[in-house]
Amino acid sequence: MMNEIDLSVDIAGIGFENPLIMASGTYGFGKEYAEYIDLNELGGISVKGLTLQERKGNPPPRIAETPAGIINSVGLQNPGVHAFINEDMPFLKKYKTKIIANIAGNTVEEYCQMAEILGASEIDAIEMNVSCPNVKAGCLAFGTTPKGIEEITSAVKKYCRQPLIVKLTPNVSDIRSIAMAAEAAGADSISLINTILALAVDIHKRKPVLANNFGGMSGPAVKPIALRMVYEAAHAVKIPVIGMGGISSGDDAIEFLLAGASAVMVGTANFVNPAVPAEILKGIKEYFKRYKYNSINDIIGKLELN
């Protein structure tokens, strides 16, 4: 008789009940989805990207549909880190799911300030966004070179009381060197991929669809690229890798785990189907039953190249 399936994972000392984390920017602060799904079923939630002060975001239109996903240029609209701690954390702490605070800034000093402020809160980890293509200045520049990653990671790490996850951009020529730089600078984990820089065109106006011109593409179309980058990053570093990019089913999640991810984040699929996390977890369990696996560790990194 098969033992009970153990989907728990450890990321930098944090125990997640399962490898399913909701991706930042797609799950708000949890309240938005609580009526559709029991948040206790989630391994974790990476909350909407936070800045030091309240941010209104980019002007509309800031969402464009693609045949297999969306391009967004929301521009980090959020209430600011203090409002998050005071107004949103009390709600989130009602649940056993792990809470990851995603932070973004225009300067190294802003990142450090946010890490210090969040250090006194009840979050479980910090995810540092150094790769937001829909913001014209700031975090994009930090994430595109090994030197930039190393400098900001080493600086922010000094202010972190919680584990530091560095979220990487796919808009680079060599993801391995970027991942290794984050690890060398003290990152406890890395997450990837963030959205891919993209453009949508209105042929009748002869202008970009988005008011900010360019945005970040996400959804099923990016999954093959994300899988390749997650595989490369996971085989370049020893710290845990959290994979994301177009995951919308249990099979998708299994692919990322086989490629070397220790956990996965689900983003755009939540907009299409708010109940998708439960469906993904069901799919993962069915895969385990089919192949008689007992632990998530039985499949992490087990992809065999031809």
The range 144-243: relative contact order from alpha carbon pairs under 8 Å, six or more residues apart, as a whole percent, is 29 percent
Rounded to whole angstroms and listed largest first, the alpha-carbon spread of the range 1-132 along its three principal axes comes to 57, 42, 26
At the level of C-alpha centres, the distance separating the range 5-69 and the range 205-219, in angstrom, is 23 Å
Inter-part gap, Cα centre of the range 88-134 to Cα centre of the range 246-306, in whole angstrom, is 25 Å
Restricted to the chain, the DSSP antiparallel beta bridge percent, nearest 5, is 40 percent
Regression test value, accessible area per residue of the range 181-306, probe 1.4 Å, units Å², expected 46 Å²
Once the in-chain neighbours fewer than 8 apart are removed, the aspartates and glutamates whose Cα is under 13 Å from residue 31 read 87, 88
Here the percent of antiparallel bridges among DSSP beta bridges lying wholly in the range 12-98, to the nearest 5, is 60 percent
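Based on the Kirkwood radius over alpha-carbon pairs, what is the Stokes-Einstein translational diffusion coefficient of the range 204-306 at 37 °C with 0.692 mPa s viscosity, in µm²/s? The partial results should precede the final answer.
Working: Rh = 14.9 Å.
The estimated diffusion coefficient comes to 220 µm²/s.
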The answer for trypsin sites (Lys or Arg not before Pro) in the range 167-247 that fall in a DSSP coil and have at most 14 neighbouring Cβ atoms within 10 Å is 205, 206, 238
Rounded to 0.05, the calculated FRET efficiency for the beta carbons of residue 82 and residue 299 at R₀ = 45 Å is 0.65
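When a/c is below 1.5 the answer is rounded, else prolate if a/b is larger than b/c, else oblate, so apply that to the chain with a ≥ b ≥ c taken from the square roots of the Cα gyration tensor eigenvalues.
rounded
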With +1 on the Cβ of every Lys and Arg and -1 on the Cβ of every Asp and Glu, the dipole magnitude of the chain about its Cα centre, in debye rounded to the nearest 20, is 620 debye
Per DSSP, the loop-located GluC sites (Glu not before Pro) within the range 231-306 having at most 10 other beta carbons within 10 Å are 304
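The values are calculated or read from the model by the stated rules, or taken from the named source; none is laboratory data. Quick caveat, the model's predicted, so the values are computed rather than measured. Using ideal geometry, Cβ is built from the backbone for each residue, glycine included, and neighbour counts are taken over all protein chains shown. Quick note on the areas: whole protein, heavy atoms, side chains included, nothing else; ligands and nucleic acids left out. Shrake-Rupley method; radii C 1.70, N 1.55, O 1.52, S 1.80 Å.
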